[in-house]
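The values are calculated or read from the model by the stated rules, or taken from the named source; none is laboratory data. These figures come from a predicted structure and were not determined experimentally. Methodologically, a virtual Cβ is constructed for each residue, glycine included, from the backbone with ideal geometry; neighbour enumeration extends over all protein chains shown.
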Amino acid sequence: MTEDRRHEGRRVVLVDGVRTPFMRAGTAYLSQTSYDLARTVLRGLLERTAIPPEDVGCVVMGTVIQNLRTSNVARDAALAAGVPNSVPAHTVTMACISSNQAITSALETIRAGKAAAAIAGGVEVMSDTPPQFEKKTRERLFRAQGLKSPLELRRLLEGLSPSDLLPRAPTISEYSTGELMGESADRLAAAFGVSREEQDEYALRTHTLAAKATESGRLSAEILPTAVPPDFELLTQDNTIRRDTSLEKLAALPPAFIKPFGTVTAGNSSPLTDGASATLLMEEEAARAAGYRPKARLVDYLYVAQDPGEELLLGPAYAVPRLLGRNGLALSDVDVIEIHEAFAGQVLAVLKALGSDRFARERLGRERRVGEVEMEKVNAWGGSVSLGHPFGATGARLVTTAVGRLREEDGRFAVVTACAAGGLGHAMLVERIGEG
């Protein structure tokens, strides 16, 4: 590394990271709320690391779909997990990179000397999505709170049809454009010439790798066995992995968004998922003084933003080159790449962009492409298409998995990167710490 980064303050390390098993929405966590899963993962992290709760300087959690009763789920869950009342906690939201933001917020708190240790992670329970009503219905329901008689209520409801009183599930669409994210993924794949066959092949790859990583026990180190009431069956594996899928089965699925000629399907997209994740971050000297053996340093990070209409999911293609350039690294210097798989087509489009001279000239202002990505470095233990994507929890999973792979594969540098709604993107550079 050629750039002197001492001006950024103290070195921040990852001591450990855990997550609940990720479960397809509407299955094992149907009875749970974000508060429940966040409490579970925070308590599990405290127990695994044995850090005294009073030594935690702050707790930051990411989430996207908020339960109004626990809108600051970080605070409520931290208290329930045994974190003292005196430890501040706050919740952040940044679409699919919410727990990335949680980690970097905690990181900056430590760098600034305001804490020696912090917990950061995220949670999402899409099985507990609050129903929505049209605006005119919400206005009348609000006014109904002050009514004093059934007659007044009847007059207030005049003009509303029965369908106006039916709750509606929210759609995963871009507010500024009205376009569904899957539609954006379809257009992105077409723009970069990513075929349906390539997307299905990538989907098969990620499910196959996730199944192998599960069976070999590589993923078990990051998964917190979780018992869910009322039956308290112990969950130890993700239920999102399609072990029995094949190219034939994937090819038989119809387009999910742009019909009949779209290429994005349920099979090459990340599923709606419930889950929670958490990491323990510390200042490096403080971690060693407390007897920990830190696993990796969180070296650098950045966020980017593009046009949500044309480049909604292309954030990593902008973030990764800037991150590498800031740190004097080339793509070939990176041993592990963990990229969020919103859609198989989105990942492949990003990889094509990084390998494109034209994209480099027209979008990045550089003469040559960033570089060809070696596929064996990418998501070797599966990704969001196979492991699932709880919006608020994925970022911390990416970091934890990247660190696990660095240690397993004896690598030095990992890049974690993700796209997010709003045309946002994120990239982080992680460096393994030797075990000596």
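Annotations for the structure displayed:
- Taken as a whole, the structure leaves A144 outside the set of residues that are aliphatic (A, V, I, L, M) and in contact with a Ser or Thr (Cβ under 7 Å, 6 or more places away or on another chain).
- For region 234-252, filtered to residues that are without any contact (Cβ under 8 Å) to a residue 60 or more places away in the chain and within 18 Å of G388 (Cβ to Cβ), the residue that is surrounded by the most Cβ atoms within 10 Å (Cβ to Cβ) is L250.
- Test result for A116, farther than 26 Å from S34 by Cβ, touching an Asp or Glu at 6+ places or on another chain (Cβ under 8 Å), modelled with pLDDT of 95 or more and not basic (K, R): yes
- Subset of region 188-208 (residues that are aliphatic (A, V, I, L, M), assigned to a helix (DSSP H, G or I) and crowded, with 20+ Cβ neighbours inside 10 Å): L188, A189, A203, L204
- For G392: the one exception among (1) closer than 30 Å to R243 by Cβ; (2) over 15 Å from the mean Cα position of the chain (by Cα); (3) part of a loop (DSSP other than H, G, I, E, B): (2)
- Test for L234: is it within 30 Å of A50 (Cα to Cα), in contact with a Ser or Thr (Cβ under 6 Å, 6 or more places away or on another chain) and not in a loop (DSSP other than H, G, I, E, B): no
- Taking the numbered list (1) over 26 Å from G392 (Cβ atoms); (2) at pLDDT below 95 in turn, F232 passes all entries but (1).
- For region 229-250, the set of residues classified as in contact with a strand residue (DSSP E or B) (Cβ under 8 Å, 6 or more places away or on another chain) and of a type outside the set (A, V, I, L, M) consists of E233, T236, Q237, D238, N239, T240, listed by residue number.
- Pairing each residue of region 293-316 that is within 18 Å of L398 (Cα to Cα) and modelled with pLDDT under 95 with any residue that is of a type in the set (F, W, Y) and assigned to a strand (DSSP E or B), provided the two are 6+ apart or on different chains, yields no C-beta distance under 8 Å.
- Taking the criterion of being more than 29 Å from Y35 (Cα to Cα) and in contact with a Leu (Cβ under 8 Å, 6 or more places away or on another chain), the residues of region 119-165 that qualify are K136, R140, R143, A144, L147, L153, L156.
- Of residues in region 156-171 being closer than 22 Å to N67 by Cα and without any contact (Cβ under 8 Å) to a residue 40 or more places away in the chain, the one surrounded by the most Cβ atoms within 10 Å (Cβ to Cβ): L165
- Candidates T279, T273 - the one that is closer than 16 Å to H426 by Cβ, crowded, with 24+ Cβ neighbours inside 10 Å and among the β-branched types (V, I, T): T279
- For region 157-167, residues that are at pLDDT 75 or above and not in a loop (DSSP other than H, G, I, E, B) total 4.
- Extreme residue, surrounded by the fewest Cβ atoms within 10 Å (Cβ to Cβ), among residues of region 219-233 that are closer than 15 Å to G388 by Cα and of a type in the set (A, V, I, L, M, F, W, C): I223
- Restricted to region 16-33, and to residues there that are of a type in the set (V, I, T) and over 14 Å from the mean Cα position of the chain (by Cα), the residue that is surrounded by the most Cβ atoms within 10 Å (Cβ to Cβ) is T33.
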